[in-house]
Amino acid sequence: MTIQANVKWVQDLQFVGRAGGGPAVVIDSTQGGSGASPMALLLLGVAGCTAIDVVLILEKKRARLTRFDVNIVGRQAETEPSRYTAIEIEYVLAGENIKPKGVEQAITLSEEKYCSALASLNARVSHSYRIE
């Protein structure tokens, strides 16, 4: 599968991005504040990816969620590039027929098998560029 994305400059350090047929997203520097920073979007991608996995797996286990939050903290290196050196994920959930072992299994499956965003952070990715 291939996903295409485009980022268009608006002004200063503000951009509008769109990936695939998805909605537009405002991207800005941490100082600009009109949109999420690229690193914040990366963290949100990991949180969203694992959240979707866990919900789908728990639904298969017949759990009925009434609340599900994923809180995520990314620790960045002090020097450039300020890559993530550690990510802590907290899953907060409530509902019916939720078994702690089932939740743990769902999280493990997401982290080790299904979460593409997390796997991408752990992988060597080739990249290239072209100037027009």
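The values are calculated or read from the model by the stated rules, or taken from the named source; none is laboratory data. Here the structure is a predicted model, which means the values were calculated and not measured. Here Cβ is always computed from backbone atoms with ideal geometry, including for glycine, and neighbour counts include all displayed protein chains. Heads up: the accessible areas ignore ligands, DNA and RNA and are worked out on the full protein's heavy atoms, side chains in. Shrake-Rupley method; radii C 1.70, N 1.55, O 1.52, S 1.80 Å.
Packing, taken as the mean count of other beta carbons within 10 Å per residue, orders the peptides 11-23, 47-59 from highest to lowest as 47-59, 11-23.
Only four residue types carry charge here, +1 at the Cβ of Lys and Arg and -1 at the Cβ of Asp and Glu. Report the dipole size of segment 80-132 about the Cα centre in Debye, rounded to the nearest 20. Don't jump to the answer; show the numbers that get you there.
Values: 6 positive and 8 negative charges, 46 e Å.
That gives a dipole near 220 debye.
Let me have the 222 nm mean residue ellipticity of the chain computed from DSSP H runs of 4+ only, each contributing -39500 (n - 2.57), with the sum over all residues rounded to the nearest 500. Working shown, then result.
Values: 3 runs with 39 residues, N = 132.
Value at 222 nm, helices only, nearest 500: -9500 deg cm²/dmol.
How much of the accessible area of segment 1-130, probe 1.4 Å, is carbon plus sulfur, in whole percent? Roughly 53 percent, rounded to a whole number.
Answer with one residue from A51, P81, Y129: the one whose Cα lies farthest towards the positive end of the charge dipole of the chain, charges on Cβ with Lys, Arg +1 and Asp, Glu -1. Result: A51.
Please report the projected area of segment 63-123's Cα convex hull averaged over all directions, in nm².
4.8
Its residue count N sets the reference 2.2 N^0.38 Å, and the alpha-carbon radius of gyration of the chain equals 1.23 times that reference.
Using Cβ point charges alone (K and R +1, D and E -1), the dipole size of segment 1-129 about the Cα centre works out to roughly 500 debye. Surface analysis of the chain yields an accessible area of 76 Å² per residue, using protein heavy atoms and a 1.4 Å probe. Calculated FRET efficiency, K8 and M39, Cβ-Cβ r, R0 22 Å, to nearest 0.05? Using R0 = 22 Å, I get an efficiency of 0.65.
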